[in-house]
Amino acid sequence: MGVHWILICHGFVTLLVVVSFLCGQWPIFQGTLIERIHYFLTFGAYDYILRFVGAVFGSKCTKAVLSVEYYCCDRPNPVLQIIYLVIISLTYYFIAKSSFAYIPGYYLSEIHRYTSLLAVAVGILLFLLTCFSDPGTVKAENVSQYLSAYPYDNIIYTEKECSTCKIPKPARSKHCSICDRCVARFDHHCGWMNNCIGERNTRYFLAFLFWHFLLCLYGTVTIGLVLAGRLKELRVVYILTVYYGIENSFLSLAPHVVQWLLGSYNTQILLLVFLAIVGMLLAGFFGYHAKLCLCNTTTNETFKWQDYMNWQKKLNEAKVSAATLRASISGIVGDERKPSLSKWKTFFRRSPLEDDVKAVKNNVYDKGFIQNIQEVIFPFSTRRSFTRAKSKSG
């Protein structure tokens, strides 16, 4: 039983660390253990390491660590790309080594040996496509076309020039400090892709997320069917009920079946749990980005809109406060002329400050979910109208 508990604790700790690292900054986890673990993993641990290195090895080693950090976090580098390829290769290797011996099985045919490899190959192809595709680089040669495609809304985007590229900055674009280029319809810089996600490759990025979610789901279900097949072929339930006298019910059999699986197929169980956790996280990421695309918003713009909404709300509150102050002053002056209200009416009278102060979001780029989806699948820079506009301007 000691090994079984170690495996259970290992799975729980893995789940806690993965969720804390990837989702610890979400509002739902504020003030919880998950947020504290996320802070330790992303900031606290690194700060302690820097202090330890400085105290033991001196300032030169600290500068060396900072230079590695600069290379890994602030400049284009293939580190996370290599890690992705290692993870997907090792995962497929362990699945093939531990589970392919039982395929074909009771529930699975031999075709899954080949479809699994094909599914992984498609996932890697989408990864490479996202990594090495142009995200929509804004240059002097195409800036006029992007200015026409994305007009300024004069709310979160106004006419300005990129201080680095020295060209007009189209609406919805941003200069990426890591890639050192302006990107049209900039969403974010993805370290896993070593590339920006922008106007031309958002479609590939969404396809990557969705396909890898399906890949994890496929792997989870396949391993589950392998284990279910082994239970059926070895007649585990029959042995437990007939020879060991365990009641033939789910609640009675489940602990013994799980114990048997952990003892006999612990590698498959760990892989199943790993794929299920990663699949849920990928589903969340895909759902978030799909929602943004449906309303024609980017990750970068969500922060801009949040700042604008906060500013507008404070402005509205200031206006309401000023109006209330003027009303109070005029009420004091006119007290001698107007009959005073009864205490009962004064108690129930609603103050203007109690009214809900609403901040309005007016996203002019949201043209309905059908056109929004078309804009992601068929970016402006890939259409003939964009090319014709370029030839006319030339």
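No value in this document is a laboratory result; all are computed from the given coordinates. Just so we're clear, the structure is a prediction, and the values are computed from it rather than from any experiment. Here the Cβ is made from the backbone with ideal geometry for all residues, glycine too, and neighbour counts use every protein chain on show.
Couple of notes before you dig in:
- Which of ILE277, ILE124 has the fewest Cβ neighbours within 10 Å, and the rest in rising order: ILE124, ILE277
- Near GLY24: Cβ cut-off under 11 Å, other residues only, Lys/Arg at +1 and Asp/Glu at -1. The net charge is 0.
- With only Cα atoms counted, segment 195-280 has Rg and Dmax values of 18.9, 64 Å.
- In the chain, the sites counted are GluC sites (Glu not before Pro) in DSSP loop states with at most 15 other Cβ atoms within 10 Å, and the longest stretch holding none of them, exclusive of the sites, is 1-109.
- Comparing THR130, THR267, THR32 in a Gaussian network model of the chain, where Cα atoms under 10 Å apart are tied by springs, the biggest mean-square fluctuation is seen for THR32.
- For the chain, built as a Gaussian network whose Cα springs stay under 10 Å, the top-fluctuating residue of PRO170, PRO135, PRO151: PRO151
- When the square roots of the Cα gyration tensor eigenvalues are ordered a ≥ b ≥ c, the ratio a/c for segment 128-202 is 1.5 or more and a/b exceeds b/c, which makes its shape prolate.
- Segment 1-74: equivalent-ellipsoid semi-axes (sqrt of 5 x gyration tensor eigenvalues, Cα, Å): 30, 18, 11
- Listed residue (VAL236, GLN268, PHE127) projecting farthest to the positive dipole end of the chain, Cβ model: PHE127
- Which listed pairs, of LYS63/LYS169; LYS139/LYS314; LYS174/LYS291; LYS174/LYS361; LYS166/LYS314; LYS160/LYS319, have C-alpha distances above 27 Å, in listed order: LYS63/LYS169; LYS139/LYS314; LYS166/LYS314; LYS160/LYS319
- Normalised by residue count, the chain yields a Cα convex hull volume of 287 Å³ per residue.
- The chymotrypsin sites (Phe, Trp or Tyr not before Pro) of segment 190-274 meeting both criteria, a DSSP state outside H, G, I, E and B (loop) and at most 11 other C-beta atoms within 10 angstrom of the site's C-beta, are TYR243, TYR244.
- Of the chymotrypsin sites (Phe, Trp or Tyr not before Pro) in segment 124-173, those whose Cβ has at most 16 other Cβ within 10 Å and which sit in DSSP loop: TYR152
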